[in-house]
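The values are calculated or read from the model by the stated rules, or taken from the named source; none is laboratory data. The structure displayed is predicted, hence computed values, not measured ones. Quick reminder, even Gly has a Cβ in these numbers, built from the backbone with ideal geometry, and neighbours come from all protein chains shown. In case anyone asks, the SASA skips ligands and DNA or RNA and just uses the protein heavy atoms, side chains included. Shrake-Rupley method; radii C 1.70, N 1.55, O 1.52, S 1.80 Å.
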Amino acid sequence: MPKVITKITRQKRNEERYNIYVNEEYAFSVDENILVQYGLTKGKTLDEWTIGDIGFDDEVSRAFNRALGYLTYQMRSEDEVRKKLLAAEFGEAVINEAIHKLTRLGFLNDAEYSKAFVDTKKNTMKKGPRAIQQELKRKGIDDDTQQQALAHFDEAEQLKLATELADKKLRQETKKTPMQQKQKIQEFLLRKGYSFAIIEQVIAQIDFSKAEDDWSVLVEVQGEKAWRKYASKFSGYDLHMKVKQALYQKGFPGDVIDTFIEQKE
């Protein structure tokens, strides 16, 4: 029995989709662009192969529109879009076709996406190349594209951003010794994704020197803390040595430590 389209109706909830009735019975629904593409009109005869092609192309169209909605809010990598469509339970072949169409029309471009991603991360969060590269990798960007995008993030710009971060961190750590401040800055810049070479240059530019009054304030705070910690277990010489050792490891000079111990005695 020939399959003839006997009725076409627009869906109420989605006016861009149409219900197709074949031989007086509902057969399938399609997007408006598929309706036009295949010239689906009342009285048109369809064979099984054509119905199969219509179904596949309609799925591609739905996947394409779903991805387009996902891309409306911000740029995405191809891998992110692919995972989104897989989660929506589209088939692999359908996803490949939708991705191809999105790429051909310029909605997906991992190279441009990666460049924009690098610019955003370094300008808004002052992240270093290593941290940015790890994020690009998690987003499915291949190694070559990662390197090309990061090639524009030169050493001079890295040094400038890392220095700004270090200055901010230094202001936050005023109650620390120079050794502690240096360690905090190193750890912070490493977490931000900067290399040891950049960090060494930044550290070399910072003046960590302390005035005598500054040392007095620092040792008063950290010395008292160390004294309370060991006083419950040690006394006399042993207590003094434990406190000295603790303060020395924190970067306090010997004369500052000795003065503190003498005052406690």
What pairs come out if I take residues in region 156-180 that are touching a residue at least 12 places away in the same chain (Cβ under 8 Å) and pair them with residues that are assigned to a helix (DSSP H, G or I) and exposed (fewer than 13 other Cβ atoms within 10 Å of the Cβ) whose C-beta lies under 7 Å away, six or more apart or interchain? T163/Q205; K175/V221
Going residue by residue through region 216-235, is there one that turns out to be of a type in the set (F, W, Y) and closer than 30 Å to M125 by Cβ? no
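Listed here are the residues, each with its yes/no results for (1) at pLDDT 95 or above; (2) surrounded by fewer than 13 Cβ atoms within 10 Å (Cβ to Cβ); (3) assigned to a helix (DSSP H, G or I).
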residue: E80; (1), (2), (3): yes, no, yes
residue: I95; (1), (2), (3): yes, no, yes
residue: A98; (1), (2), (3): yes, no, yes
residue: L108; (1), (2), (3): yes, no, no
residue: Y113; (1), (2), (3): yes, no, yes
residue: F117; (1), (2), (3): yes, no, yes
residue: A156; (1), (2), (3): yes, yes, yes
Restricting attention to region 50-78, which residues are farther than 15 Å from Y113 by Cα, open to solvent by 20 Å² or more (accessible area, probe 1.4 Å) and among the hydroxyl-bearing types (S, T, Y)? T50
I'd like to check something: does region 202-218 contain any residue that is part of a loop (DSSP other than H, G, I, E, B) and either in contact with a His (Cβ under 7 Å, 6 or more places away or on another chain) or open to solvent by less than 40 Å² (accessible area, probe 1.4 Å) (or both)? yes
Cβ-Cβ under 8 Å pairs, at least 6 apart or on other chains, region 9-23 side touching a residue at least 12 places away in the same chain (Cβ under 8 Å), far side basic (K, R) and buried (at least 16 other Cβ atoms within 10 Å of the Cβ): Q11/R17
So is Q222 open to solvent by 90 Å² or more (accessible area, probe 1.4 Å), in contact with a helix residue (DSSP H, G or I) (Cβ under 7 Å, 6 or more places away or on another chain) and within 22 Å of L170 (Cβ to Cβ) or not? no
Could you please give the count of residues in region 226-265 that are part of a helix (DSSP H, G or I) and over 22 Å from S209 (Cβ atoms)? 21
Any residue at all in region 125-139 that is of a type in the set (V, I, T) and either over 16 Å from the mean Cα position of the chain (by Cα) or surrounded by fewer than 21 Cβ atoms within 10 Å (Cβ to Cβ) (or both)? no
Of the residues K7, K12, which is open to solvent by 90 Å² or more (accessible area, probe 1.4 Å), of a type in the set (D, E, K, R) and assigned to a loop (DSSP other than H, G, I, E, B)? K12
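Residue-by-condition table, conditions (1) charged (D, E, K, R); (2) under 30 Å from F117 (Cα atoms):
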{"residue": "I5", "(1), (2)": "no, no"}
{"residue": "Q11", "(1), (2)": "no, no"}
{"residue": "E15", "(1), (2)": "yes, no"}
{"residue": "Y21", "(1), (2)": "no, no"}
{"residue": "E24", "(1), (2)": "yes, no"}
{"residue": "L40", "(1), (2)": "no, no"}
{"residue": "E48", "(1), (2)": "yes, no"}
{"residue": "R82", "(1), (2)": "yes, yes"}
{"residue": "L86", "(1), (2)": "no, yes"}
Name the residue that is nearest to I54 (Cα to Cα), counting only residues in region 119-148 that are of a type in the set (V, I, T) and outside any loop (DSSP other than H, G, I, E, B). T145
Can you pull out every residue in region 51-78 that is closer than 22 Å to F28 by Cα and either touching a strand residue (DSSP E or B) at 6+ places or on another chain (Cβ under 8 Å) or not in a helix (DSSP H, G or I) (or both)? I51, I54, G55, D58, S61, R62, N65
Among the residues of region 158-175, how many are open to solvent by 60 Å² or more (accessible area, probe 1.4 Å), over 22 Å from the mean Cα position of the chain (by Cα) and charged (D, E, K, R)? 4
Of all residues being modelled with pLDDT of 95 or more and among the aliphatic types (A, V, I, L, M) in region 177-202, which is farthest from A166 (Cα to Cα)? Just the residue, please. A197
